[in-house]
1. Just to check your reading of the model, which residue among A:Asn83, A:Asn98, A:Asn12 is farther than 18 Å from A:Leu180 by Cβ and either part of a loop (DSSP other than H, G, I, E, B) or free of Cβ contacts under 8 Å to residues at least 40 places away in the same chain (or both)?
2. Among the residues that make up segment A:315-335, is at least one of them away from every other protein chain (no Cβ under 14 Å), over 25 Å from the mean Cα position of the chain (by Cα) and acidic (Asp, Glu)?
3. Give segment A:382-407 a look and list any residue that's modelled with pLDDT under 95 and in a loop (DSSP other than H, G, I, E, B), or say none.
4. Of the conditions (1) touching a helix residue (DSSP H, G or I) at 6+ places or on another chain (Cβ under 6 Å); (2) in a strand (DSSP E or B), A:Arg235 fails just one. Which one is it?
5. Which helices (runs of 4 or more DSSP H) sit wholly inside segment B:81-164 and have at least 2 residues that are within 13 Å of another protein chain (Cβ to nearest Cβ)?
6. A:Met398 passes all but one of (1) under 15 Å from A:Ser509 (Cβ atoms); (2) of a type outside the set (D, E, K, R); (3) surrounded by fewer than 24 Cβ atoms within 10 Å (Cβ to Cβ); which number fails?
7. Filter segment A:211-233 down to residues that are of a type in the set (A, V, I, L, M, F, W, C), within 13 Å of A:Leu259 (Cβ to Cβ) and within 33 Å of the chain's Cα centre (by Cα), then give me how many there are.
8. Quick one: would you say A:Ala338 is within 13 Å of another protein chain (Cβ to nearest Cβ), of a type in the set (A, V, I, L, M), in contact (Cβ under 8 Å) with a residue 40 or more places away in the chain and assigned to a loop (DSSP other than H, G, I, E, B)?
Amino acid sequence: MTAQKKLLMSGNQAIARGAYESGVSVATSYPGTPCTEILESLSRYKTVQAMWSTNEKVAYEVALGAAFAGARALVAMKHVGLNVAADPLFSSVYTGINGGLVVVVGDDPSAGSSQNEQDSRHYARAAKLPMLEPSDSQEAKDLVVEAFELSERFDTPVLLRLTTRLCHSKTLVAVGEPQLDRVAATGFVRDFDKYVLLPRQAILRHTAIENRLVALAEHADRWGRNRIEWRNRSRGIITSGVAYEYVREAFPEASVLKLTQTYPLPAETIREFAERVDELLVIEELDPFLEEQVRALGIRVASEGWIPRVGELTPERIQLSVERKSPQPIQNGDPSIAGRVPRICAGCQYLGVFTAITRIGVRVAGDIGCYTLGALEPWNAIDTVVCMGAGIGTAIGMEKALGDRVRGKLLAIIGDSTLLHSGLGPLLDLVYNQGQTTVLVMDNSTTAMTGLQGNPGNGRTAGGEAGPGVNLEKLIEAIGIEWIRVINPYDLAESESVLREALDHPGPSVVISRAPCLLLKQKKPVQQAHLSEEACTGCGECFQVGCVAIEKQNIHDFVAPLINHDLCVGCTLCVQACPEGALAPRKIVPDLVEIDTCLPQPISL
Amino acid sequence: MPAPTDLPLTVLIAGLGGQGVVLAGDLLLAAALHAGFDVKKSEIHGLSRRFGSVSCQVRIGRDLHSPLRGHGGVDLLLALEGYEALKQLPFLKPTGLALVNRLWRKPGAMSPADQTAPAQANDRRLQWFAGTELTHQAESARSLNFYMLGVLASRLQIAEEFWTAALDGLRTNDSTEANREMFAAGLRAGQAAGKRRPRVTTK
């Protein structure tokens, strides 16, 4: 061990540490894999005001405001979140900043937890801001500190691009001293030509940012982190991010140009490297972002068309692709062994709602959250899933296009957190354009899919403070929806009848299905479902509930349910679904096993 | 026997959500750190809470680069369930070794009766352990990850004191006597099995 303190940190934790050491005083985010833990980690540093924002656009604007005020601010989001925040991103490159602003974006190669596999590096080029890419946790931490210096020196937001592998890998990090003198904001100074983007100012600022890009490219050529590692010169590889580590593993003898500022690129360094190697490869994850720019410099890239553009890389995958001179398939194990499909938790309110929806039979425009799983077996209840908040708007469009053909048969589903993220605008549109779609709000009082974060609905802040939380009924009423009902999703008959009523209503309607996420309070169940084998006819209605606690067994000559009592929480949805009365709840006697084994007589319940 | 002398060493740990794969990986990481090695760990836990697969890779060595290896790059596979072992088998080197808990939970199947082992289960690199059975007998079913970590420890030349240091570093709710006992039981089972059947070197 060296004298310097080294800690094992994930990429996300390292980013948070780097922000703390940089004297960041305001940090914002909206939860999303792979970046959720950045803000969660930041909330533990006392000098940082860490906040979950309503959505990524708001998160960006709050961080920008803090930077305008002369504070160092950091905003973190997943790749698709940057699409939401793109508007302020582009214009803030024009205004410039005052205190430093670092924008962290996490891409998700292989789309492990995402609706697309976008390469967010294109944003740096499109929005004209500098971008840095770390290769491990140590560099992630160090680059946050350097990104703030770069941001303030060039008066621009800086994009720090991560990928899931880096975010979720733990490597050793030597921590530094925090710049606590930087925590206090220096103050906002009015500068009309800079901060007020009227058309004339926008053109002036555009000239300024083109000049800034030239200066940033020169900086890239002088910056030590864009580094040539000379080894064998018969093969030279240009690479960046976590792909650098794969390259070092796969081609230990090759010379490497490790690019850390990947926009704007260090053209002179690239030329120097290319001229002195026999064969030049460019190895990067997802799009040929570097490769196309290298080729635009008039440099021949031997690996053109070899590197996979879909799915995550591994050292072995790039080795094979280069060897065979063609992109090789994703390496995620034996494809003949089926993967495990994610399931809704046993006893979740969504089971009841989806069972009711399946019985009614409607077209459903879905959204992003745990309830997206309603698109899978056995319900097949959701027909479209696009992005956060897309469900309501998509339903309005279907309704306008199909008219009477979908009247009373069209439902938009959205969770409480997603509704507040980006569903209120579409809901307003539904009222404004006199649509008749029914919106089902799945209110579980949390942002469940990403790990139970606070949101404006439950009022709980990133720091753990309790707030009032929004009243959804009043909010929806104020938007102009007159027909609003709240259902108990554990009452199957009520859910079905209220949903039918809503669908029949001539005008827009909202049904709020309300029950807290079971993970919020993991209580021991007081009752569980039990099967009466004599009464069961094997109709299979209980399987349509889709509960993971309902397994299958063969009795008589048919398939009957087998309740897994390790999982059953006693919600009674399957009991209600059974038309034969073969399933019934039974109270749990504490320590049943012990009593059973101690006493000679069977216990009557 | 793969040992930290054959550096770098890559271990892949796989299982189901709730089995404690990530914790087992963290303990291996801690033991290797105490032993003075450079370590890197990569986790995949996307939908683990919802009955998905969980896996992590731990790399042990000096001046490591990649946090993970691809197909054919892993020295040791530790699996807490049969299908997870077979799913990850392409990652194992031809000379590698898989230490697998005898438990089958077929993906997509809702019935425990519907559990037949696929042909890949005959791969000679697999070595089976009755972790589920033994931890159930000891009424420590939740310590399965510790039992299998003990099995893994029997195949690594990381001194016992470093494992003890790793176990001592656990948070109080994980630092139970049952977990320590099951780790020790797994270590003994691994050592006994190692004597009976040396490391498989052919495919």
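The values are calculated or read from the model by the stated rules, or taken from the named source; none is laboratory data. Please read these numbers as outputs of a predicted model, since none were measured by experiment. Reconstructed Cβ throughout: ideal geometry from the backbone, glycine too, with neighbour counts over all protein chains shown.
1. On the way: A:Asn83 fails: either part of a loop (DSSP other than H, G, I, E, B) or free of Cβ contacts under 8 Å to residues at least 40 places away in the same chain (or both); A:Asn12 fails: either part of a loop (DSSP other than H, G, I, E, B) or free of Cβ contacts under 8 Å to residues at least 40 places away in the same chain (or both).
Selected residue: A:Asn98, the only one of A:Asn83, A:Asn98, A:Asn12 that is farther than 18 Å from A:Leu180 by Cβ and either part of a loop (DSSP other than H, G, I, E, B) or free of Cβ contacts under 8 Å to residues at least 40 places away in the same chain (or both).
2. So far as segment A:315-335 goes, no, none of its residues is away from every other protein chain (no Cβ under 14 Å), over 25 Å from the mean Cα position of the chain (by Cα) and acidic (Asp, Glu).
3. Answer for segment A:382-407, where residues must be modelled with pLDDT under 95 and in a loop (DSSP other than H, G, I, E, B): A:Val406, A:Arg407.
4. Going through the list (1) touching a helix residue (DSSP H, G or I) at 6+ places or on another chain (Cβ under 6 Å); (2) in a strand (DSSP E or B), A:Arg235 breaks only (1).
5. Numbers: elements: B:82-88, B:131-137, B:144-153.
In segment B:81-164, B:82-88 are the helices (runs of 4 or more DSSP H) which contain 2 or more residues that are within 13 Å of another protein chain (Cβ to nearest Cβ).
6. (1)
7. From segment A:211-233, those of a type in the set (A, V, I, L, M, F, W, C) are A:213-217, A:220, A:223, A:228, A:230; that's our starting set.
Now drop any that are not within 13 Å of A:Leu259 (Cβ to Cβ), which leaves A:217, A:220, A:223, A:228.
With within 33 Å of the chain's Cα centre (by Cα) added as a condition, the list becomes A:217, A:220, A:223.
Number satisfying all stated conditions: 3.
8. Numbers: within 13 Å of another protein chain (Cβ to nearest Cβ): yes; of a type in the set (A, V, I, L, M): yes; in contact (Cβ under 8 Å) with a residue 40 or more places away in the chain: no; assigned to a loop (DSSP other than H, G, I, E, B): yes.
In short, no.
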